[in-house]
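Have a look at the structure below before the remarks.
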Amino acid sequence: MSRLVVVSNRVADPRKAAAGGLAVALGDALSASGGLWFGSSGNVVESAAGGTAGEGKVHTQRTGHVTLVTVDLSREDHDAYYRGYSNGVLWPVFHYRLDLADFDAGYIEGYRRVNRMFAHKLMPLLKPDDVIWVHDYHLIPLAAELRAMGCRQRIGFYLHIPLPPPLILAAIPAHEWLMRALFAYDLVGLQSKADLQHLSRYLRDEAGAELMSPGTFGAFSRVLKAGAFPIGIDVDDLVALTQGKEAQDTLTTMREQFARRQLLVGVDRLDYSKGLPQRIRAFRALLDRYPENRNSATLIQVAAPSREEVDAYSDIREELERLCGAVNGNYGDLDWMPIRYIHRTVARKRVPGLFRASRVGLVTPLRDGMNLVAKEFIAAQDADDPGVLVLSRFAGAAEQLTDALLVNPYDTQATADAIQTALHMPLQERQLRHQRLLAEVRAHDVHWWRESYLRSLMEAHT
Ligand code: ADQ
């Protein structure tokens with residue numbers, strides 16, 4: 001069995017409870033092969049008087065059968081690679097937000113520099129038959145850097161965020177370089193069929209690639225395979241968490257506090273891609289258009305702080321606070337607040353209790369690679385009396401979760417209508433939809449995702 005080497009921007013200890021689904025899923029595979037997980041440490045080292053002291057320091061830690069190797073970044077590298085190019089250019093563009101991308105700041109040099117530095121640190125740790133799996137937009141050029149140093153092992157890439165249509169990608173000043181770098185991989189995995197179509201069109205129209213067979217492209221004297229591998233959740237783990245003490249306590253508290261209300265829930269990172277202001281406007285439209293919900297429907301919106309050092313994130317926070325305040329001021333009463341807005345991360349063990357207490361789950365991003373909250377909401381429901389998922393058609397998850405109520409989050413009135421339908425959906429229809437959705441979430445869980453991706457990577461090597 002080949003050793004698995006995972007590379008991602010951040011590394012988590014898979015044995016820690018707070019690590020989350022992806023870390024646990026990758027942890028299983030890493031553990032089984034005595035694997036290595038490589039990434040940045042999260043430590044930012046301030047350089048002394050313009051020097052680069054401390055930059056690139058490597059930390060190695062053993063956890064069970066897995067080795068975690070992390071690298072420190074200098075302040076300059078962190079700002080250019082992480083905050084600048086990854087989250088100030090690639091994240092907005094890949095989420096179709098050209099208006100928010102900062103192309104002129106020259107971050108690209110730092111992005112290249114850190115990818116090259118990672119390749120230098122990783123290369124001596126590799127064994128001849130390792131299988132390397134690189135994750136996400138921070139590390140697109142990593143394989144090209146490794147290949148330039150003579151690396152011949154299988155290398156796969158998985159993009160967790162959407163891949164936009166060719167003309168949007170083409171707005172990135174260095175898009176030819178960035179996309180050409182994908183050809184250093186043996187397999188590129190995407191979240192959805194729509195993303196795969198965008199990649200195919202880009203490669204055909206912009207890179208002049210030859211379509212050798214569906215999902216196989218030839219260009220730059222290399223062959224690249226690409227496929228859609230929608231990521232899933234660990235359903236059994238989520239179900240166990242739902243039955244755990246913390247989730248049950250949360251469920252009981254919610255039921256007591258909101259006994260006469262109908263709960264709606266949103267759980268997101270506070271990110272402009274998640275459509276939070278649009279969601280609040282749709283909820284306001286619901287109260288406006290369907291007054292029977294006043295004094296009853298209550299939205300609990302948890303928005304975890306995220307990337308606060310990037311300007312666009314403080315803007316979205318202010319907008320959201322203003323909107324929630326206005327709705328509560330206009331519609332609230334002495335004994336009823338329409339929106340409970342919480343700017344915090346809720347403990348992972350509590351979240352399923354919140355989902356189960358809610359009649360409606362609102363997952364309405366403007367664009368999202370997949371969106372795991374949608375799948376977690378389904379897995380946390382009581383099959384006898386399940387809540388209803390209102391899901392944006394622009395989340396990758398919408399390709400699979402067709403039994404949710406699919407909405408266009410830009411259409412405030414139509415989203416309000418869908419929320420009204422969800423709140424008043426008869427039990428039998430709720431049960432039927434939930435049954436189908438859960439079957440889909442189970443069939444394509446995180447273990448399926450990992451296994452199908454790694455199987456394709458083993459077959460793809462050319
Ligand atoms: P994210 O954009 O972070 O991930 P998502 O898929 O929704 O989005 O996953 C978030 C995870 O964090 C979920 O497990 C959720 O429960 C948890 N979470 C979010 N907000 C929270 C809060 N306030 N409190 C507690 N927990 C919270 C990126 C892509 C997605 C893709 C994933 C995985 O943007 O499209 O689905 O990677 O590939």
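The values are calculated or read from the model by the stated rules, or taken from the named source; none is laboratory data. In this text, all values refer to a predicted model and were calculated from it rather than measured experimentally. Cβ atoms come from the backbone with ideal geometry, glycine included; neighbour counts cover every protein chain shown. We work out accessible area using only protein heavy atoms, side chains counted, and drop any ligands, DNA or RNA first. Shrake-Rupley method; radii C 1.70, N 1.55, O 1.52, S 1.80 Å.
For this structure, a couple of remarks:
- Only lysines eight or more places from Lys193 in sequence, or on another chain, were considered; those with a Cα closer than 16 Å are Lys225.
- Among Phe377, Ala460, Pro338 - extreme Cα towards positive end, dipole of the stretch 315-462, charges at beta-carbon: Ala460
- Rolling a 1.4 Å probe over the protein chains gives Asp205 an accessible area of about 90 Å².
- Lysines with Cα under 26 Å of Lys121, excluding same-chain neighbours fewer than 8 positions away: Lys16, Lys57
- For the stretch 242-326, the carbon plus sulfur part of the accessible surface works out to 43%, probe radius 1.4 Å.
- Antiparallel bridge percentage (DSSP; both residues within the chain; nearest 5): 20
- Anchor Lys274: lysines whose Cα lies under 16 Å away (excluding residues fewer than 8 positions away in-chain): Lys375
- Membrane-span-like helices in the chain, defined here as complete DSSP H runs extending at least 15 Å along the helix axis by their C-alpha atoms with mean Kyte-Doolittle hydropathy no lower than -1.0, are 21-32, 108-122, 276-289, 311-331, 412-423, 427-443, 446-460; this is a sequence and geometry rule, not a statement about a membrane.
- Positive-end extreme of charge dipole, the stretch 142-201 - chosen from Pro165, Cys151, His175 (charges on Cβ): Cys151
- Electrostatic dipole magnitude of the stretch 213-317 [Cβ: Lys, Arg +1; Asp, Glu -1; Cα centre; debye, to 20]: 440
- Note on the stretch 314-445: semi-axes of the ellipsoid equivalent to its C-alpha gyration tensor, largest first and rounded to whole Å, are 25, 17, 16.
- Ordering of 449-458, 212-221, 361-370 by burial proxy (mean other Cβ atoms within 10 Å per residue, highest first): 361-370, 449-458, 212-221
- Over the chain, Cα pairs under 8 Å with separation of 6+ residues give a relative contact order of 13 percent.
- Extents of the stretch 392-462, largest first, come to 52, 29, 12 Å (Cα atoms, principal axes, whole angstrom).
- Distribution of pairwise C-alpha distances over the stretch 1-137, 5 Å bins, in %: 2, 10, 18, 20, 17, 15, 11, 5, 2, 0
- Probe 1.4 Å, accessible area per residue of the chain, Å²: 41
- The solvent-accessible area of Ile140, taken with every protein chain present and a 1.4 Å probe, is close to 10 Å².
- Theoretical FRET efficiency, 1/(1+(r/R0)^6), r = Cβ-Cβ of Arg261 and Glu308, R0 41 Å, to 0.05: 0.80
- Simple label model, 7 Å out from Cα along Cβ direction - Glu429 to Met123, nm: 6.1
- Its Cα centre serving as origin, the stretch 308-462 has a Cβ charge dipole (Lys and Arg +1, Asp and Glu -1) of approximately 500 debye.
- Expressed as a fraction of 2.2 N^0.38 Å, the value expected for a compact globular protein of N residues, the C-alpha radius of gyration of the chain is 1.00.
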